[in-house]
Amino acid sequence: MATDHIRYDVLARDALRGVLRRVLADAAEHGLPGDHHFFITFVSTAEGVKLSPRLLAQYPEEMTVILQHQFWDLVVTDERFEVGLSFGGIPERVVVPFNAIKSFFDPSVQFGLQFEPADAVPETPATNLPAVPTPAALPVAAPAAENQDEPTKPGEGAEVVRLDRFRKK
């Protein structure tokens with residue numbers, strides 16, 4: 001197999017993280033439009049993640065936050081997002097670098113992105129396997145849930161499509 005000197009896997013991962021960054025920046029500036037809301041899962045011990053000791057004890061490996069009705073002071077930079085959320089009635093500030101994010105899901109339109117956290121990947125030479133795995137994307141459009149009264153959970157009703165499926169072996 002030829003060596004990928006361009007590193008398409010890294011370019012695709014960064015482009016998809018850019019989608020996430022732009023969506024969050026727009027929500028920070030204008031609020032959430034319509035019924036959009038976000039489930040964001042991240043590695044709680046990744047470098048740069050800032051959680052209170054209470055939350056870290058409760059979620060020692062990964063954590064999912066939901067940005068919907070009760071969040072405040074959403075700040076988005078090139079490297080991370082910060083947001084105020086309430087956990088069990090206690091307000092907390094959460095800081096999450098984009099590299100720590102494992103998945104993003106907007107159940108209102110059945111759209112999601114899935115990432116392999118950057119620091120969970122061992123460095124390997126480009127001549128072997130890619131150093132950074134390619135993120136997966138969920139389909140943009142999916143049929144609406146039959147029972148709109150029940151909340152949609154991340155991943156329900158949508159098939160994960162991995163870009164690796166289309167690579168030549």
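The values are calculated or read from the model by the stated rules, or taken from the named source; none is laboratory data. Every value quoted in this text rests on a predicted model; they were computed, and no experiment measured them. Positions of Cβ are generated from backbone atoms using ideal geometry, with glycine treated the same way; all protein chains shown enter the neighbour counts. The protein model used for the area step is the full one, side chains on, heavy atoms only, and it has no ligands, DNA or RNA in it. Shrake-Rupley method; radii C 1.70, N 1.55, O 1.52, S 1.80 Å.
Okay, here's what the table says:
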item	result
Pairs, first closer than 14 Å to Val75 by Cβ in segment 1-30, second among the acidic types (Asp, Glu), C-beta under 9 Å, six or more apart	Arg21/Asp78; Ala28/Asp73
Cβ pairs under 8 Å, 6+ apart, first in segment 36-52 and on the phi < 0 side of the Ramachandran plot, second assigned to a loop (DSSP other than H, G, I, E, B) and open to solvent by less than 20 Å² (accessible area, probe 1.4 Å)	His37/Pro107; Phe39/Pro107; Phe42/Pro117; Val43/Pro117; Ala46/Pro117; Leu51/Ser44
Of residues in segment 53-75 being open to solvent by less than 40 Å² (accessible area, probe 1.4 Å) and either among the small types (Gly, Ala, Ser) or part of a strand (DSSP E or B) (or both), the one nearest to Ile90 (Cα to Cα)	Val65
In segment 76-97, residue modelled with the highest pLDDT [restricted to those that are of a type in the set (Gly, Ala, Ser) and part of a strand (DSSP E or B)]	Gly84
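One line per residue, one yes/no per condition, for (1) more than 18 Å from the chain's Cα centre (by Cα); (2) surrounded by fewer than 16 Cβ atoms within 10 Å (Cβ to Cβ):
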| site | (1), (2) |
| --- | --- |
| Ala15 | no, yes |
| Ala25 | no, no |
| Glu29 | yes, yes |
| His36 | no, no |
| Thr41 | no, no |
| Glu47 | no, yes |
| Leu51 | no, no |
